[in-house]
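The values are calculated or read from the model by the stated rules, or taken from the named source; none is laboratory data. Remember, it's a predicted structure, so these values are computed and weren't measured experimentally. Backbone-built Cβ (ideal geometry, glycine too); neighbour counts: all protein chains shown.
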Amino acid sequence: MGKRRRVAEQSSGRPLVIGGLIAAAGLAGAVGAYSMMGGAAADDGTAAAAHHRPVKTGPLSASEVRTAATAFLTSWQHGDAARAAAATDDSSAAAQLLTGYRKDAHLTGVTLTPGTASGASVPFSVKATVSYRGLSKPLAYATKLTVVRRAGDGEPRVRWQPSVVHPDLTAGDRLVTGEAGTPPVRALDRDGAELTAAKYPSLGTVLDGLREKYGKQAGGKAGIELRIVRGAAAKGAQKTPDKTLVTLSEGTPGTVRTTLDPALQAKAEQQVDGRSRASVVAVRPSTGEILAVANSGHGFNVAFQGSLAPGSTMKIVTSTLLFEKGLAKPDSPHPCPKYVTYGGWKFQNDDKFEIKNGTFKASFAASCNTAFISQATKLKDDDLTRVAQQIYGLGMNNWAIGVPTFDGAVPVQSAAQMAASLIGQGGVRMNPLNMASVVSTAKTGVFHQPYLVSPSVDHRTTAKAARAMSAATRDRLKEVLQYTAAAGTADKAMAGLGPDFGAKTGSAEVDGQKQPNGWFTAWKGDLAAAGVVQAGGHGGDSAGPIVAALLRAGS
């Protein structure tokens, strides 16, 4: 009893209430709830009897959800990681993270307060105290759990996923309290003023990335923190930086200056605020300096790290290819039928429109899909990939902007998928940073890798394109982009911004999503921007006003 009594003494002593069911405050209550779920240790006779029970099927009842959630939350609250883990459908993974909650994160006095269940989902709030070497601070957050039927016997169990413990946790992540892995940094805008997440909410993940990259070399000293230490998967493909949750003692920050423009950053924040799943990036075409970045969701940085089909904004790259191969000229006749079949797929235009006896410029401005698909028979499978890499610097995974990025993907594809990639579907993936760079390259004719921190700060090597586009191709691109901004699908958003401007809209279909993702990319003078509104519909109506607002603010 000694060990069990000590665990009980660490608990908050408060009763746990879920949908009217009160779990006893003592450890016996946790065990009782746990036993109701068939998870407590049983003698051989009970185990044998359970072996012959029929497998439970069908939807979970409210009572099953309540009981399973109670078993898990009561055990966790009382510090019994083993029992809490056994109340999930993956006890091994759960036990590791729940044990670390107290042992590595040094969290005590845990109080869990469930909210109202919605079907099999139970939201709950967490309050705890972070205590380490005589220092302590409160921690509070909200998360949720979902009850499912366990494979094999159908018993209700909490579906295990790290986000049950904390919403920012993913597979392989750990909660750790101790000396921070990297010292803090004081990030500055281009004018020398401090950038904070309180002032610019979208910059939370950006500031985390700057700290991870420059904390040690900026001359700071680490403090004591509770933080999420990312697992190998997150640090690899996702490039997600560690995240500080509670600061127990401040370190001494180093200083790093960024290229962000305070006025444009404020405008970007304002434009995405209140919109659902909106992201935008502004850059300077002549240099590649990133002037603003904002996301309406302040977690994952879609603007820099998103991987989304760009839809018709990709036609900028495809047009480059067609111009280079002599397959199109702005004022030359070009087909835009209602339908084109290639590789066994039937492609069509939005609302099945067609342009009879039209030019390529007219097809580009109207975003005619078939005008591009019709050229697939004259292209090699790797043509688009080569132009994207060689001229636009995309898909090489070598951008070094100062924080983690996804650098676009234009894989070599064949048959119908190759044709789909010509209009920004298939396997093509981009984010607003990529597309702001694309329209910048189209405007200047030369790829300048975007950057948030000057390469002179850490002497890093930035990405270079293998070649510049020809002057003739650049002039043709600018012509069709200007025409689109003046008289095409982008004219409403770009009204009053000419004549030194150009734009392209995009709508990218997503499986299982009613509305397509809306894209918009444009330039005005020496300022370019790109944005996406996921499930926003037509790009000119959803992302267009966001991008245009930044261009107006920077004019």
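Residue-by-condition table, conditions (1) of a type in the set (A, V, I, L, M); (2) farther than 30 Å from THR252 by Cα:
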site: ALA95; (1), (2): yes, yes
site: ALA117; (1), (2): yes, yes
site: GLY134; (1), (2): no, no
site: LYS137; (1), (2): no, no
site: GLU155; (1), (2): no, yes
site: PRO184; (1), (2): no, no
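Each row is one residue, and each column tells you yes or no for (1) over 30 Å from ARG211 (Cα atoms); (2) in contact (Cβ under 8 Å) with a residue 60 or more places away in the chain; (3) surrounded by fewer than 22 Cβ atoms within 10 Å (Cβ to Cβ).
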position	(1), (2), (3)
ALA365	yes, yes, no
ALA376	yes, no, yes
LEU379	yes, no, yes
ARG386	yes, no, yes
TRP399	no, yes, no
LEU422	yes, yes, no
GLY427	yes, no, yes
ASN431	no, yes, no
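Yes or no, residue by residue, for (1) modelled with pLDDT under 90; (2) among the hydrophobic types (A, V, I, L, M, F, W, C); (3) more than 28 Å from VAL130 (Cα to Cα):
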| site | (1), (2), (3) |
| --- | --- |
| ALA42 | yes, yes, yes |
| ALA50 | yes, yes, yes |
| ALA62 | no, yes, yes |
| THR70 | no, no, no |
Could we say that SER542 is assigned by TED's automatic domain parsing to the domain that holds GLY427, out of contact with any helix residue (DSSP H, G or I) (no Cβ under 8 Å at 6 or more places or on another chain) and buried (at least 24 other Cβ atoms within 10 Å of the Cβ) here? yes
State whether the residues of the range 167-186 include one that is of a type outside the set (A, V, I, L, M), surrounded by fewer than 17 Cβ atoms within 10 Å (Cβ to Cβ), under 27 Å from the mean Cα position of the chain (by Cα) and at pLDDT 95 or above. yes
Exercise. Taking GLY326 as the residue in question, decide whether it is in the same structural domain as THR505 (by TED's automatic domain parsing), touching a Cys at 6+ places or on another chain (Cβ under 9 Å), surrounded by fewer than 22 Cβ atoms within 10 Å (Cβ to Cβ) and closer than 30 Å to MET469 by Cα.
Key: no
Would it be correct to say that GLY540 is without any contact (Cβ under 8 Å) to a residue 60 or more places away in the chain, within 22 Å of LEU433 (Cβ to Cβ) and assigned to a strand (DSSP E or B)?
no
Residues in the range 188-225 that are of a type in the set (Asp, Glu) and at pLDDT 95 or above total 3
ASP168: passes all of (1) in a loop (DSSP other than H, G, I, E, B); (2) in contact with a Pro (Cβ under 6 Å, 6 or more places away or on another chain) but (2)
Those residues of the range 446-487 that are surrounded by fewer than 18 Cβ atoms within 10 Å (Cβ to Cβ) and touching a residue at least 60 places away in the same chain (Cβ under 8 Å) come to a total of 14
Condition set of a type outside the set (D, E, K, R) and in contact with a Ser or Thr (Cβ under 6 Å, 6 or more places away or on another chain), scope the range 285-297, selection surrounded by the fewest Cβ atoms within 10 Å (Cβ to Cβ): answer is PRO285
Selection from the range 374-388 of residues more than 30 Å from the chain's Cα centre (by Cα) and among the hydrophobic types (A, V, I, L, M, F, W, C) yields ALA376, LEU379
